[in-house]
Amino acid sequence: MGVFRISMVKMDTLGKYFPKKRETLSELEALENAYLDGMKEVLTEVAAKRHLEIGGMLSDNPRIRKANDLSHYAIENLHNSLNDEQRKLYGQMEEAVNSERGLEDEESFIMGFLEGYRFIKELQRSGGGLTLL
């Protein structure tokens, strides 16, 4: 993945482009809220794209790999003990559960991405970091 610089325009910068005679607190708050909603939408798209890019990668965590091996072993044993009708039903159930898990995983990834961005922005605002590379 390449280098990214994600930045949000400061309110005083937005104020420069907002006509002074119309500059009220409620108008600036509405503008800031609209901007933040737009940034959330953009970041959500970036996170979803990134999630798809890394989705097929297996974890290097030994505990996760062991749990995955045990899971595959148990599923294979169960599958081998089923008749054709039961295998069909099991396949349908497994597909539904995997779909649900995938959507939950994507949502968790996106929420973590957004929370990480908010954390970095707060760190920058507090003087703890000036650039994000």
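Is the shape of the range 33-133 best called rounded, prolate or oblate, per the rule: a/c under 1.5 gives rounded, else a/b larger than b/c gives prolate, else oblate, with a ≥ b ≥ c the square roots of the Cα gyration tensor eigenvalues? Intermediate values should be presented prior to the final figure.
On the way: a/c = 4.51, a/b = 2.33, b/c = 1.93.
Cα axes put the range 33-133 in the prolate bin.
If each of Q124 and E41 carries a label point 7 Å out from its Cα toward its Cβ, how far apart are those two points in nm?
So the two model labels end up 2.1 nm from each other.
Answer with one residue from M111, Q86, Y73: the one whose Cα lies farthest towards the positive end of the charge dipole of the range 40-123, charges on Cβ with Lys, Arg +1 and Asp, Glu -1.
Checked the options; the winner is M111.
Values quoted throughout were computed directly from the atomic coordinates according to the rules given, and no laboratory measurement underlies them. Quick caveat, the model's predicted, so the values are computed rather than measured. Neighbour counts run over all protein chains shown; Cβ positions are idealised from the backbone, glycine included.
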